[in-house]
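The values are calculated or read from the model by the stated rules, or taken from the named source; none is laboratory data. Keep in mind it's a predicted model, so treat the numbers as computed, not measured. Cβ atoms come from the backbone with ideal geometry, glycine included; neighbour counts cover every protein chain shown. Each accessible area value is taken on the protein alone, full model and side chains, heavy atoms only, with ligands, DNA and RNA left out. Shrake-Rupley method; radii C 1.70, N 1.55, O 1.52, S 1.80 Å.
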Amino acid sequence: MFTITRHLPINAATTALREDVLQGLTAAQKSLPPKWFYDARGSELFEEITHLPEYYPTNAEREILAAHSTEIAAAIAVHTLVELGSGSSEKTRLLLTALRENGNLRRYVPVDVSESALRSAATGLLKNYQNLAIHALVADFQSGFVVPPTDGPMMLAFLGGTIGNFFPDERAHFLASIRDMSQPGDALLLGTDLVKDEQTLVAAYNDVTGVTAAFHKNLLSVLNRELAADFNPEMFEHVALWNAESEWIEMRLRSLRQQTINFPTLGLSVPFARDEELRTEISAKFRKEGIRAELAAAGYTLKYWWTDVAERYALSLSVVG
Ligand code: AVJ
């Protein structure tokens, strides 16, 4: 059974993008949130990133899910699995299979901003998981969504290390808001990339073949298409650096010359000085004790912590209470 619910008005994306541009590109320090990377081309490029030799998080997470999905399923007999930013739901299959075999899973609630991704993922899943009710939600998980009422324990999964895209205050707010949607005994399965040597981290976000650079520059093409802006992506370069104090990778698009970008649909012109940077994304890296403390502050108790063999990446399972 498949149903889909929209928590976003049809034009919500364009409206929110206009607001983000008006705010982010008129500030002294220019910035845009990373969620705008993911149009069809951007999602394709991200998929390519996950196959790069330098980009280890996807494989590390798959390794952990493959090795520990039975333990995950045994830890809590969930009725409903809610997945935030589910995308293709590809890695989720490991989890769905285990939760079906070792538990009581009846319902899968994938939440994503992309309706097309949700529809194609559900079509594929229904072929393999008969009797699983799939209730997809088209929603932006950062700006509020409602989990349909559940009749038993729920597990919320937030995989891929995407929580690393949030600044610390946003993380605290996000964790508290999902905690508020949960009942005592409900669980959170969280994927987090770990702090490691700078060279490995920088290479993961600035690969030699330039796929990550193309992924970031695609943001400029999104602005050209959605807002009729006139960026020439070639006039910017992708920059990734390790901020050792904050323990996150910072990514920017650096203007290769002085230029002015026009947004006729917004009545806006944006000057860039030569070498001026547009901040596009952070990807925070974590340590076990930091995660435990952030979860505790939101009302979660960390129960399990699994890493890949090389200890690059962690999955944690926490419960409310
Ligand atoms: C999908 C947000 C987890 O931060 O590692 C990959 C996005 N950006 N390469 C990450 C990303 C550049 C990715 N997340």
Item to check | Matching residues in segment 47-68 - criterion: being within 12 Å of the ligand (Cβ to nearest atom), touching a helix residue (DSSP H, G or I) at 6+ places or on another chain (Cβ under 6 Å) and in a helix (DSSP H, G or I) | outcome: GLU48, ILE49, THR50, THR58
Checklist entry - When you look at ALA73, is it within 15 Å of the ligand (Cβ to nearest atom), assigned to a helix (DSSP H, G or I) and open to solvent by less than 10 Å² (accessible area, probe 1.4 Å), yes or no? => result no
Item to check | Complete set of residues in segment 104-122 that are at pLDDT 90 or above and surrounded by fewer than 20 Cβ atoms within 10 Å (Cβ to Cβ) | outcome: ARG106, ARG107, ARG119, SER120
Checklist outcome for this item: Counting only residues that are more than 15 Å from the ligand (Cβ to nearest atom), under 30 Å from THR192 (Cα atoms) and either of a type in the set (S, T, N, Q) or open to solvent by less than 20 Å² (accessible area, probe 1.4 Å) (or both), segment 237-277 contains a total of 0
Next on the checklist: Can you confirm whether ARG6 is away from the ligand (no atom under 16 Å from the Cβ), open to solvent by 70 Å² or more (accessible area, probe 1.4 Å) and either among the small types (Gly, Ala, Ser) or under 23 Å from TYR108 (Cβ atoms) (or both)?
Outcome noted: yes
Checklist entry - Restricting the first residue to segment 90-101 and requiring it to be open to solvent by 80 Å² or more (accessible area, probe 1.4 Å), which pairs with a second residue that is β-branched (Val, Ile, Thr) meet a Cβ separation below 9 Å and a spacing of at least six or different chains? => result GLU101/THR70
Checklist entry - Any idea which of (1) in contact with a helix residue (DSSP H, G or I) (Cβ under 8 Å, 6 or more places away or on another chain); (2) not in a strand (DSSP E or B) is the one TYR108 doesn't satisfy? => result (2)
Item to check | Contacts under 9 angstrom Cβ, first residue in segment 242-268 being closer than 17 Å to VAL222 by Cα, partner more than 16 Å from the ligand (Cβ to nearest atom) and of a type in the set (Val, Ile, Thr), 6 or more apart | outcome: ILE261/VAL270; ASN262/VAL270; PHE263/VAL21; PHE263/VAL270; LEU266/VAL21; LEU268/VAL21; LEU268/THR26; LEU268/ILE261
Checklist entry - Which condition breaks for ARG62 when tested against (1) in contact with a strand residue (DSSP E or B) (Cβ under 8 Å, 6 or more places away or on another chain); (2) at pLDDT 95 or above? => result (1)
Checklist entry - Within segment 156-175, which residues are out of contact with any Leu (no Cβ under 8 Å at 6 or more places or on another chain), away from the ligand (no atom under 16 Å from the Cβ) and open to solvent by less than 40 Å² (accessible area, probe 1.4 Å)? => result none
Checklist entry - How many of the residues in segment 20-38 are in a loop (DSSP other than H, G, I, E, B), over 14 Å from the mean Cα position of the chain (by Cα) and within 16 Å of the ligand (Cβ to nearest atom)? => result 1
Checklist entry - Can you find a residue in segment 20-41 that is among the acidic types (Asp, Glu) and open to solvent by less than 10 Å² (accessible area, probe 1.4 Å)? => result no
